[in-house]
1. Return only the number of the condition from (1) in contact with a Cys (Cβ under 8 Å, 6 or more places away or on another chain); (2) within 23 Å of GLN197 (Cβ to Cβ); (3) buried (at least 18 other Cβ atoms within 10 Å of the Cβ) that ILE68 does not satisfy.
2. Looking at segment 105-147, which of its residues are basic (Lys, Arg) and either closer than 23 Å to ARG65 by Cα or within 10 Å of the chain's Cα centre (by Cα) (or both)?
3. Just a yes or no: is a residue in segment 165-185 assigned by TED's automatic domain parsing to the domain that holds PHE92, closer than 24 Å to VAL72 by Cβ and crowded, with 21+ Cβ neighbours inside 10 Å?
4. Tell me yes or no: at least one residue of segment 155-162 is assigned by TED's automatic domain parsing to the domain that holds ILE68, surrounded by 15 or more Cβ atoms within 10 Å (Cβ to Cβ) and of a type in the set (Val, Ile, Thr).
5. Could you go through segment 174-185 and let me know if any residue there is within 23 Å of the chain's Cα centre (by Cα) and part of a strand (DSSP E or B).
6. Scan segment 180-191 and tell me whether some residue there is within 25 Å of PHE108 (Cα to Cα) and in contact with an Asp or Glu (Cβ under 6 Å, 6 or more places away or on another chain).
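The values are calculated or read from the model by the stated rules, or taken from the named source; none is laboratory data. These numbers were taken from a predicted model, which means no experiment stands behind them. For neighbour counting, all protein chains shown are included, and Cβ atoms are generated from backbone atoms with ideal geometry for every residue, glycine included.
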Amino acid sequence: MRSQPQASAPEAAVHPTAVIDHPVSLGRGTKIWHFCHICAGATIGDDCAIGQNGYVAGSVIVGNRCRIQNNVSLYDGVILDQDVFVGPSAVFTNVTNPRAAIDRRSEFRQTRVECGATIGANATIVAGVTLGQYCFIGAGAVVVDNVAAHALVVGVPAVPIGWMSRAGHRLVFEQHSEIGACPLTGEHYRLFNGAVQLLSAV
């Protein structure tokens, strides 16, 4: 049965082909595109976009200003903080060892994507990990472990190869220096004990 968003979010835009189960919470300015299915209980913040053929399960929480591209399913246990980008056909799992003949709905694990993170097209995020703020998951990567804030990870399984700024550019570190800069904004970051910390904001 097709329906429109509940009256508490009249400013949300829902394509006529989308299915919205009640009750859901859709934020102001959010857009739900062709053939999406938003399950009852889902919470989607302000100014989000759910691309064509998207699916959002009932326990999912999506923060403000998230961009979820085409053919992405957010299953129970997934939490996106604000300003998260999920590329087309990225995959989230919710159990680590699924079997068709065994009901493991009681074993769903939480997967959290922190503020500002980017997930590339066709990446797979295995259940139970946390993706740190402003991290960058390369296209096609398979993430099986937690990802540090600002880390750039690629490959199968995903491994870190660098660090990213808040603006989504690879940080440039001078030789033998722990201080790196964003080539776009000029913001400076410090690398210390395997973690990156913002030193100056522009």
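1. Tallying (1) in contact with a Cys (Cβ under 8 Å, 6 or more places away or on another chain); (2) within 23 Å of GLN197 (Cβ to Cβ); (3) buried (at least 18 other Cβ atoms within 10 Å of the Cβ), ILE68 fails exactly one: (2).
2. ARG112
3. No: zero hits.
4. No, there is no match, as no residue in segment 155-162 is assigned by TED's automatic domain parsing to the domain that holds ILE68, surrounded by 15 or more Cβ atoms within 10 Å (Cβ to Cβ) and of a type in the set (Val, Ile, Thr).
5. No, there is no match, as no residue in segment 174-185 is within 23 Å of the chain's Cα centre (by Cα) and part of a strand (DSSP E or B).
6. No; the residues of segment 180-191 include none that is within 25 Å of PHE108 (Cα to Cα) and in contact with an Asp or Glu (Cβ under 6 Å, 6 or more places away or on another chain).
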